[in-house]
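The values are calculated or read from the model by the stated rules, or taken from the named source; none is laboratory data. Keep in mind it's a predicted model, so treat the numbers as computed, not measured. Every residue, glycine as well, gets a Cβ built from its backbone with ideal geometry; the counts of neighbours run over all protein chains shown. Accessible surface is based on the protein model in full, side chains and every heavy atom, while ligands, DNA and RNA are left aside. Shrake-Rupley method; radii C 1.70, N 1.55, O 1.52, S 1.80 Å.
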Protein chains: 4
Amino acid sequence: MKRKIQIGVMGSGADLKYSSEVESLAFELGQQIAKSGNITVYGAEKDYDSLSTAASRGAKQEGGPTVGITYGTSKKIWDKDSNTDVIVVTGLERGGGREFVLVNSCDVIIAISGGSGTLTEIAISYQLDIPVVALVGFGGWTDKLAGTFIDSRNRLKILPAKTPTEAVNVAIKMGKINNEK
Amino acid sequence: MKRKIQIGVMGSGADLKYSSEVESLAFELGQQIAKSGNITVYGAEKDYDSLSTAASRGAKQEGGPTVGITYGTSKKIWDKDSNTDVIVVTGLERGGGREFVLVNSCDVIIAISGGSGTLTEIAISYQLDIPVVALVGFGGWTDKLAGTFIDSRNRLKILPAKTPTEAVNVAIKMGKINNEK
Amino acid sequence: MKRKIQIGVMGSGADLKYSSEVESLAFELGQQIAKSGNITVYGAEKDYDSLSTAASRGAKQEGGPTVGITYGTSKKIWDKDSNTDVIVVTGLERGGGREFVLVNSCDVIIAISGGSGTLTEIAISYQLDIPVVALVGFGGWTDKLAGTFIDSRNRLKILPAKTPTEAVNVAIKMGKINNEK
Amino acid sequence: MKRKIQIGVMGSGADLKYSSEVESLAFELGQQIAKSGNITVYGAEKDYDSLSTAASRGAKQEGGPTVGITYGTSKKIWDKDSNTDVIVVTGLERGGGREFVLVNSCDVIIAISGGSGTLTEIAISYQLDIPVVALVGFGGWTDKLAGTFIDSRNRLKILPAKTPTEAVNVAIKMGKINNEK
C-alpha cells in the first residue's frame with residue numbers, strides 16, 4: 001500500500017436537523033478511521049455543522065489525520081476546534097462541484113443518512129467506480145440506496161453496514177483495492 | 001425576458017440501451033424547445049449517443065439553437081450530423097464535474113428515464129434551485145423522483161409531465177422565472 | 001466546417017481603467033467577428049465592465065451571436081443592454097477557474113491590453129494549444145507577449161496583429177484549423 | 001495558528017529539461033518546509049517528473065507531510081518512491097484547471113524557474129491574493145516576475161529570495177498571515 005487509505009465520510013448538513021445519536025455515530029466513524037491509521041476526508045462547510053464535519057472531530061479526538069475539502073476561495077471554514085490538518089479549497093461551488101473533487105479524492109466513502117448533497121456524492125461515487133459503504137438505520141438517501149446498484153449498469157453495489165466499526169472495516173477492505181491500483 | 005430560456009434535456013446514455021420510443025420522445029423534446037424559440041442545452045458525449053444528444057438533433061431539425069456541454073479538453077464530440085451550434089468544453093471530468101457546469105448553465109431542466117448520470121443532474125439541479133420537469137412513464141430515476149422534493153428541505157418539487165409538449169410548456173414557465181431573476 | 005468559429009475576446013477589466021479608445025477597439029473586435037458570421041465568446045463579469053464585455057456589445061450591435069462565460073452560480077451578469085445570447089455558468093471562481101472553461105471553449109482567442117486575468121488566459125490558451133492573436137499597441141500583457149512562445153517548448157507563437165480587422169482575419173484562419181480537427 | 005502552513009512549490013516540468021542543480025534546489029525547498037514543520041503542497045503529474053514533485057521528495061526525506069494535487073480521475077501519479085501522504089484528485093484538466101485548485105489550496109507558494117504552467121500558477125496566485133515567493137537565479141517565469149506586481153492593480157508583489165532557506169522563511173512569514181485570517 002502506497003498511501004494511507006483516504007476514507008470520505010458523507011452525510012446530512014446541520015440544516016437537516018439530525019439527532020445527536022446520528023451525530024455521535026458520525027463522530028465514531030471518524031474515531032474508527034483514526035484508530036485504523038487511515039485518513040478522514042470530509043466536506044468542510046463555511047456556514048454550519050454537518051455529519052461530515054462531526055466525523056473530522058472524531059478522527060482528531062483520536063489523533064488521526066483529517067482533510068477538509070471546501071468550496072469558494074476562502075480557507076475560513078466551520079472548524080471551531082481546529083480539527084482540520086489539510087484544507088483543500090476547490091474554487092468550485094457547493095451543490096455538485098465541490099462534491100465532485102471531494103468524492104474523486106477518496107479511495108472509498110462511507111455515507112450516513114443524508115439529503116440531496118449526500119445523494120449527489122453517492123451518485124458521483126458510483127459513476128467514478130469509488131466504493132460506497134452505507135451505515136444503515138438512520139434514514140435519508142443512505143438507507144434508500146443501501147444494497148442497490150443505482151442503475152442497470154450494475155457497477156459497484158452500495159454496501160450496507162450496521163455499525164461504525166463494520167462500516168470502517170468494509171471501507172478499509174474496499175479502499176485498499178482502490179489505493180493499490 | 002433578457003435571454004432565450006436555456007432548457008437542458010437530461011436522460012440515459014446509449015449504454016443504458018433505451019428503446020427507440022424513448023429516443024423519439026427525447027428528439028421531440030428538442031423539437032418542442034426549438035418551436036418555442038428557446039435554447040436546447042445538452043451534455044455532449046465523446047464516445048456514444050444519449051437521450052440528451054437526441055434532443056439536440058430534434059432541436060436542430062426544427063432550426064433551433066443548441067449548446068453542447070462536454071468534458072475534457074477536446075472539442076471532438078459525438079455529433080455526426082453537426083447539430084451543435086455552441087460547444088462548451090468544461091475541462092471537468094464526466095461523472096459529476098461536467099454535469100455541474102451543464103446543470104448550472106440551465107434555467108430549467110427536463111429529465112427522461114436515466115441512470116446515475118441523470119440522477120446526479122437532478123440532485124445538482126435541486127441543490128442549485130433550478131427547476132426540474134420529469135417526463136414520466138419511461139422508468140429510470142426520472143420516474144422514481146417525479147413529484148418528490150428529494151429531501152426534507154422541501155425546496156423545488158420535481159414536476160411531473162406526461163408528454164413532451166407538456167414538459168416543454170412547464171419548463172418554459174418555470175425557466176422564465178429563473179431567466180428574469 | 002462543423003460549427004461557427006468560437007472566438008474569445010480577452011482583455012482588461014474596468015478596474016484597470018482602460019481608455020475609451022481601447023474600449024472602442026474591443027467593441028470593434030466584436031463587430032468584426034459578427035460580420036464574419038462567427039461567435040464572440042466573452043468572460044461575463046458580475047460587478048463591472050471589461051474589454052471582453054465591450055466586445056460582446058460590438059458583436060450584438062452587428063447582430064452576431066454571443067456567449068458569456070461567468071463564475072459562481074448566479075446568472076445575473078454585467079449585461080445592461082442584454083447582449084448575451086447564451087450564458088454559461090461554470091460554478092468555478094474567477095481568477096483562473098472560470099477562465100479555464102472560458103479559454104477551453106474557444107477555437108482561438110484575441111487578446112488586447114490586459115492585466116493578471118488576461119495573462120492567465122493567454123497562458124492557459126498556450127497550454128491547451130489554442131491559438132492566441134495579440135492586438136498590439138495598447139500595453140498590458142498582450143503587448144509583452146506578442147510574438148513570443150511563452151516558454152521553451154515552442155508550441156504556438158502569440159500572433160501579433162495591428163488592427164481589429166487583421167486580428168479577426170488571423171483568428172478566423174487559426175480558429176478554423178481547430179474547429180475542423 | 002490553526003493549521004500547519006500549506007506551502008506550494010511550483011516550477012518547471014521535466015519536459016523543460018532543467019538542470020540537476022535546479023532539481024536539487026527544489027528538493028531542498030521541500031526539505032526546508034519539512035524542517036519548519038509545515039506542509040508541502042505540489043502538483044502531481046502522471047507522465048513525468050517536475051520540480052514540484054522533486055520538492056515532495058525532499059519534504060518526505062525529512063519526514064514532512066506532502067499533499068499532491070492531480071488532474072483527471074485516476075490516483076495513479078508519478079510518485080515512484082511513494083512520497084505523497086494525501087492525494088487530491090481534482091477532476092479538472094491540467095493546463096489551468098488543476099492548477100487553480102492547487103494554488104487555491106496553498107497559504108503561500110514558492111516558484112522556481114518555470115514555463116507556461118508556472119506562469120499560470122503565479123498569475124492565479126496573484127489574482128487570489130495568495131503570496132508568491134520567487135527563488136531567483138534560475139531563469140524562467142520566476143526570474144522574469146520576481147519583484148514585480150504583475151499588473152497595475154499593485155496587489156501582492158512577487159517576493160524575491162536568493163536561497164531555499166530564505167524562500168521558505170519568507171513563505172512561512174507570509175503564509176502565516178493567510179493561515180490566521
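Of note:
- Residue check for D:Leu92: within 22 Å of D:Asn179 (Cβ to Cβ) and either facing chain C (nearest Cβ under 9 Å) or not basic (Lys, Arg) (or both): no
- Among (1) surrounded by 21 or more Cβ atoms within 10 Å (Cβ to Cβ); (2) within 20 Å of D:Ala134 (Cα to Cα) - the single one D:Ser20 does not satisfy: (1)
- If you go through the stretch D:1-16 and keep only what is open to solvent by 10 Å² or more (accessible area, probe 1.4 Å), part of a loop (DSSP other than H, G, I, E, B) and either touching a strand residue (DSSP E or B) at 6+ places or on another chain (Cβ under 6 Å) or modelled with pLDDT of 95 or more (or both), you end up with just D:Lys4.
- Criterion (among the small types (Gly, Ala, Ser), within 25 Å of A:Glu180 (Cβ to Cβ) and more than 7 Å from every other protein chain (Cβ to nearest Cβ)) met by exactly one of A:Gly114, A:Gly64: A:Gly64
- Checked against the criterion of being more than 19 Å from C:Asp151 (Cα to Cα) and modelled with pLDDT of 95 or more, the candidates D:Ile112, D:Ile69 yield just one match: D:Ile69.
- Residue list for the stretch C:7-30, filter: within 14 Å of another protein chain (Cβ to nearest Cβ) and not aliphatic (A, V, I, L, M): C:Gly8, C:Gly11, C:Ser12, C:Gly13, C:Asp15, C:Lys17, C:Tyr18, C:Ser19
- Looking only at residues of the stretch A:47-61 that are open to solvent by 30 Å² or more (accessible area, probe 1.4 Å) and within 16 Å of the chain's Cα centre (by Cα), we find that the one that is farthest from the other protein chains (Cβ to nearest Cβ) is A:Arg57.
- For the stretch D:158-178, a tally of residues being open to solvent by 40 Å² or more (accessible area, probe 1.4 Å) and not in a helix (DSSP H, G or I) returns 4.
- Residues of the stretch B:3-26 satisfying the condition of being under 15 Å from the mean Cα position of the chain (by Cα) and touching a residue at least 40 places away in the same chain (Cβ under 8 Å): B:Ile5, B:Gln6, B:Ile7, B:Gly8, B:Val9, B:Met10, B:Gly11, B:Ser12, B:Gly13, B:Val22, B:Leu25, B:Ala26
- Unique match (being touching a Phe, Trp or Tyr at 6+ places or on another chain (Cβ under 7 Å), among the polar types (S, T, N, Q) and touching a residue at least 24 places away in the same chain (Cβ under 8 Å)) among A:Thr118, A:Thr70: A:Thr118
- Test for C:Val132: is it at pLDDT 95 or above and open to solvent by 10 Å² or more (accessible area, probe 1.4 Å): no
- Residues satisfying the stated conditions in the stretch B:123-157, i.e. under 14 Å from the mean Cα position of the chain (by Cα), among the hydrophobic types (A, V, I, L, M, F, W, C) and within 14 Å of another protein chain (Cβ to nearest Cβ): B:Ala123, B:Ile124, B:Ile130, B:Val132, B:Trp141
- Residue match in the stretch C:18-25 (condition: within 16 Å of C:Thr165 (Cβ to Cβ), in contact with a strand residue (DSSP E or B) (Cβ under 7 Å, 6 or more places away or on another chain) and in a loop (DSSP other than H, G, I, E, B)): no
- Of all residues making up the stretch A:95-111, the number that are within 12 Å of chain B (Cβ to nearest Cβ) and under 17 Å from D:Arg98 (Cβ atoms): 7
- Of the residues making up the stretch A:27-43, at least one is among the β-branched types (Val, Ile, Thr), open to solvent by less than 40 Å² (accessible area, probe 1.4 Å) and touching a residue at least 60 places away in the same chain (Cβ under 8 Å).
- Scanning the stretch D:76-98 for any residue that is surrounded by fewer than 24 Cβ atoms within 10 Å (Cβ to Cβ), at pLDDT below 95 and hydroxyl-bearing (Ser, Thr, Tyr) turns up at least one such residue.
- Subset of the stretch A:31-46 [more than 11 Å from every other protein chain (Cβ to nearest Cβ), outside any loop (DSSP other than H, G, I, E, B) and not polar (S, T, N, Q)]: A:Ile33, A:Ala34, A:Lys35, A:Tyr42, A:Gly43
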